[in-house]
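S.K.: Mind having a look at this structure? Questions to follow.
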Amino acid sequence: MARKKTIMKSDILDTAYEVIRTEGFEGFTARNIAKKMNCSTQPIYLEFKNMEDLKKEIVSKIKEYLTESIYTQERTDNPILNVALNYIHFAHDESVFFKAVYLENRLDAVSMHEISKEKLNEVLAQTDEGSTKDVDNLFIHFWATVHGTASMIAQEVIPFNQEDTTHYLEQSLNIIMK
């Protein structure tokens, strides 16, 4: 009689996701994930062709988290600033995870930033600015400021103060929109 499968693909995905969230990609090894699950690496390789295959599935889980949890907060009356502030809050509140997703360059960086661009595009379509500004141009210029600020906060180069950061982003956005 065949043994009953006790470790499911979803369990592996959840554990691998938690490892990246708390340890970054340094902890993203089959051995480390298996250790967290109290098993051998065999179930991982039964469910996934290789670690790259597992990583691809985790990207979907990360995208879902970003769109459904990170970008849903309303922090100001300005929806463009909300997108930026939510990204920066993510960098501050979950710095290890933020660095793993955006700074370690182990995921598809273009795909990860595309989530932010899509969200920015979505809110621009609902504002007056959306009809007059080129979204790609706005994203390139404004997001350089946003990402730089978030990266410096995640790396604790600068302290995070929402009021100061909001003011700084408002100034930057006003310059770009002119």
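S.K.: Let me spell out the model: positive unit charges on the Cβ of Lys and Arg, negative unit charges on the Cβ of Asp and Glu, origin at the Cα centre of the chain. What dipole size does that give, in debye rounded to 20?
M.R.: Computed about the Cα centre, the dipole is about 1100 debye.
S.K.: Which one of 10, 155, 46 has its Cα pushed farthest toward the positive end of the charge dipole of the chain, where Lys and Arg give +1 and Asp and Glu give -1 at the Cβ?
M.R.: Of 10, 155, 46, it is 46.
S.K.: Calculated FRET efficiency, residue 56 and residue 170, Cβ-Cβ r, R0 25 Å, to nearest 0.05?
M.R.: The pair residue 56/residue 170 has a calculated efficiency of 0.10.
S.K.: Using a 10 Å cut-off around each Cβ, can you sort 6, 15, 41 from fewest to most neighbouring Cβ atoms?
M.R.: In order of increasing Cβ crowding within 10 Å: 6, 41, 15.
S.K.: Below 16 Å, Cα to Cα, which aspartates and glutamates can residue 36 reach? Residues fewer than 8 away in the same chain don't count.
M.R.: 11, 14, 18, 23, 26
S.K.: Let me ask something else. Around residue 45, with a cut-off of 13 angstrom between Cβ atoms, what is the net charge of the other residues, counting Lys and Arg +1 and Asp and Glu -1?
M.R.: 0
S.K.: Taking a spot 7 Å from the Cα of residue 9 along the direction of its beta carbon, which residues of the range 18-33 have an amide N less than 19 Å from it?
M.R.: Within reach of a label on residue 9: 18, 30.
S.K.: Where does helix 135-154 land angle-wise versus the long Cα axis of the chain, in degrees 0 to 90, nearest 10?
M.R.: Once rounded, the angle reads 60 degrees.
S.K.: Continuing with this model, one more query. About its Cα centre, how strong a charge dipole does the range 9-58 have in debye, to the nearest 20, once Lys and Arg get +1 and Asp and Glu get -1 at the Cβ?
M.R.: 100
S.K.: Once you list every other residue whose beta carbon is under 10 Å from the beta carbon of residue 114, what net charge do they have if Lys and Arg are +1 and Asp and Glu are -1?
M.R.: +1
S.K.: Compute the label zone of residue 67 within the range 89-130: residues whose backbone N is under 14 Å from the point 7 Å along Cα-to-Cβ.
M.R.: From the range 89-130, the list is 111-123.
S.K.: Specify the angular offset, from 0 to 90 degrees and rounded to the nearest 10, of the alpha carbon long axis of helix 79-93 from the longest principal axis of the alpha carbons in the chain.
M.R.: 40
No value in this document is a laboratory result; all are computed from the given coordinates. Note that the structure is predicted; figures quoted are calculated from it, not measured. Note: ideal-geometry Cβ built from the backbone for every residue, glycine included; neighbour counts use all protein chains shown.
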